[in-house]
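Structure, as structure tokens:
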Amino acid sequence: MNALRSSLILNERVPMKPFSIFNTLSRKVERFEPLKPPTVTLYSCGPTVYLPQHLGNMRAYLFVDTLKRALRFHGYDVRHVMNITDVGHMTSDEDAGEDKVEKTARAEGKSPREVADFYIAQFKRDCAALNIELPPDADSTDHVSPPQSVLCRATENIGAMIALIERIIAHGYAYVAASGVYFDVEKWRGAARVGRLSRQSLDEQHAGQRLEHSPDKKSPHDFALWVLNQPGHLMQWDSPWGRGYPGWHIECSAMSMKYLGETLDIHTGGLDHIPIHHENEIAQSESATGHPFARYFVHNAFLVGMEGAKISKSAGKFPLVADLVAQGVDPLAFRLFCFGAKYRSELVFSLDALRAAQTNLNYFSEFASNVPDEAVAGPDSEWTAGYLERFSAELADDLNTPRALAVALELVHEAYTRNDKSIWSALHKLDSVLGLKLDERRLAAHAQFPAEILELQKKRDQARAERDFNRADALRKELFSRGYEVKDIPGGSTIAPRRNP
Ligand code: AMP
Ligand code: ZN
């Protein structure tokens with residue numbers, strides 16, 4: 001019954017409300033206007049599946065998940081596509097080196113498909129642990145009517161990539177050489193040679209990098225759309241130019257357009273993607289279609305400084321979700337830790353900061369566990385209304401999650417102070433963005449507490465309110481002997497199973 005009521009709350013259609021976000025294209029916080037409201041088409045660069053995704057990568061996906069939930073909170077209907085790179089991402093972001101998936105396949109004696117399947121499954125488990133909602137897997141049909149939410153694999157969309165490369169060649173921005181089909185970067189950028197997104201010249205963009213200078217390329221800045229004549233490469237497909245495989249950048253252009261249409265509302269990714277990957281995606285897409293590729297580019301800053309943390313694996317390796325679990329940290333504490341920072345600010349990882357997030361998670365969780373059924377079924381107290389407005393305003397202000405979190409904590413604090421648990425509808429709505437599974441936590445806690453235990457807790461609260469401390473103490477002992485511990489809080493108590501009954 002309670003679960004049913006909860007889902008009805010989440011599915012309510014709310015009128016669209018204003019929302020602002022920092023657009024890397026303009027370097028400004030802009031009022032967000034989707035092309036076809038209330039629909040929002042959102043594309044996110046997803047994982048390259050040759051190793052587990054570390055907590056830094058997971059910050060990028062948590063950011064997208066939060067953005068998606070915040071847009072829904074503001075009445076938008078988000079269609080989300082995330083790609084999975086299972087071919088073509090070389091060990092250098094340029095075209096040099098080895099294919100990352102094939103490198104792991106050789107090292108582990110597996111096929112590239114086995115490697116990709118293994119790390120996709122791990123990625124999905126990690127996302128589930130962090131309550132990141134992924135789009136459904138794409139089916140293998142080529143006939144789609146955008147916009148559609150999907151999680152799609154590069155190797156299953158080779159046809160869309162070939163078709164896009166043909167359009168780029170037809171428009172004169174790509175040329176065919178013996179080693180591959182290349183994008184003509186200098187022709188696209190013109191005399192100024194400055195990128196629209198990075199605002200860097202080609203020399204600045206590639207400063208300090210050793211560019212592969214194949215005699216086949218007109219310029220070392222040109223990048224591969226399709227790679228030819230690499231007999232050692234395991235994954236190969238037929239194409240109009242011969243057998244080969246796609247470059248990494250073309251994958252995102254082709255899949256985003258196939259599933260979402262030729263102009264996206266929002267494109268996300270980590271800051272590292274601005275100068276090369278996203279600059280190249282814009283060049284490929286716009287040279288093919290003649291339309292703007294993405295109206296808002298939104299980038300998350302990095303999670304850094306993990307080397308000193310105790311949970312870091314061998315030097316230089318970032319920890320994984322599994323490392324959190326091994327340290328007894330609830331993965332949702334990591335979610336809350338990321339929520340507590342602005343997505344555009346670098347975030348320094350430490351176990352201390354994570355423990356602080358765990359304390360906040362416990363605070364929400366303990367409150368939720370003690371919300372009685374009457375408070376869930378009944379209306380919220382009137383004083384909660386302002387909280388929803390404030391939470392919404394903070395999110396609408398360039399996704400200010402730290403301030404939104406402060407509002408949510410304040411709501412629970414006021415409920416304790418007033419001794420009024422009638423805030424469930426509001427808290428549940430806030431949790432549709434926080435993603436802490438407070439509903440599940442409450443139901444699980446209630447399942448643990450037999451009715452007679454809750455009755456004893458209620459009697460004890462009453463005895464305390466009447467300042468009958470002897471009776472309150474006797475009831476505490478009785479609860480303890482039955483395996484439960486009560487903790488007094490302003491205006492009432494919380495209850496939990498005894499740690500060592
Ligand atoms: P990759 O698999 O390397 O393409 O990375 C997947 C996503 O994670 C991309 O959007 C990257 O920009 C992002 N990313 C990589 N490292 C970090 C980090 N330390 N903090 C935040 N995002 C990251
Ligand atoms: Zn991408």
Estimated 222 nm signal from helices in the chain, with DSSP H stretches of n ≥ 4 weighted -39500 (n - 2.57), rounded to 500: -13500 deg cm²/dmol
Residue-level accessible surface for Thr141, protein heavy atoms, 1.4 Å, Å²: 50 Å²
Solvent-accessible area per residue, Å², over the chain with all protein chains present [probe radius 1.4 Å]: 43 Å²
Charge dipole of the chain about the Cα centre (unit charges at C-beta), most positive-ward option of Ala396, Phe118, Ser481: Ser481
Relative contact order of the chain, pairs being alpha-carbon contacts under 8 Å that are 6 or more residues apart, as %: 16 percent
0 to 90° range, to nearest 10: angle between helix 469-481 axis and the chain longest Cα axis: 50 degrees
The chain - convex hull of the alpha-carbon atoms, volume per residue in Å³: 161 Å³
Surrounding net charge for Arg390, when Lys and Arg each add one and Asp and Glu each subtract one, Cβ distance under 14 Å: -2
Estimated D of region 352-501 in µm² per second, where Rh is the Kirkwood radius over Cα pairs and Stokes-Einstein applies at 4 °C, 1.567 mPa s: 79 µm²/s
Relative packing of peptides 263-270, 279-286 - highest average C-beta neighbours within 10 Å first: 279-286, 263-270
Region 450-501, dipole about Cα centre (Lys/Arg Cβ +1, Asp/Glu Cβ -1), debye to the nearest 20: 140 debye
Accessible-area composition of the chain, carbon plus sulfur, in percent [1.4 Å probe]: 52 percent
The chain, dipole about Cα centre (Lys/Arg Cβ +1, Asp/Glu Cβ -1), debye to the nearest 20: 980 debye
P(r), alpha carbons of region 375-417 - 10 Å bins starting at zero, rounded %: 28, 49, 21, 2
Local electrostatic count at Ala177 - Lys and Arg +1, Asp and Glu -1, tallied over other residues with Cβ under 10 Å: 0
Per DSSP, loop trypsin sites (Lys or Arg not before Pro) in region 386-425 with at most 14 further Cβ within 10 Å: none
Options Ala415, Val376, Gln448, ranked by Cα towards positive dipole end of region 321-448, top entry (Cβ charges): Gln448
P(r) of region 431-501 over all Cα-Cα pairs, binned every 10 Å from zero, in whole percent: 19, 46, 26, 9, 1
Cut-off 12 Å between beta-carbons: net charge of the residues surrounding Leu336, Lys and Arg +1, Asp and Glu -1: +1
Percent antiparallel among DSSP beta bridges (both partners in the chain, rounded to 5): 50 percent
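The values are calculated or read from the model by the stated rules, or taken from the named source; none is laboratory data. Keep in mind it's a predicted model, so treat the numbers as computed, not measured. Cβ coordinates were reconstructed from backbone atoms using ideal geometry, including for glycine residues, and neighbour counts include every protein chain displayed. For the accessible areas, the whole protein counts, side chains as well, though only heavy atoms, and no ligand, DNA or RNA atoms are used. Shrake-Rupley method; radii C 1.70, N 1.55, O 1.52, S 1.80 Å.
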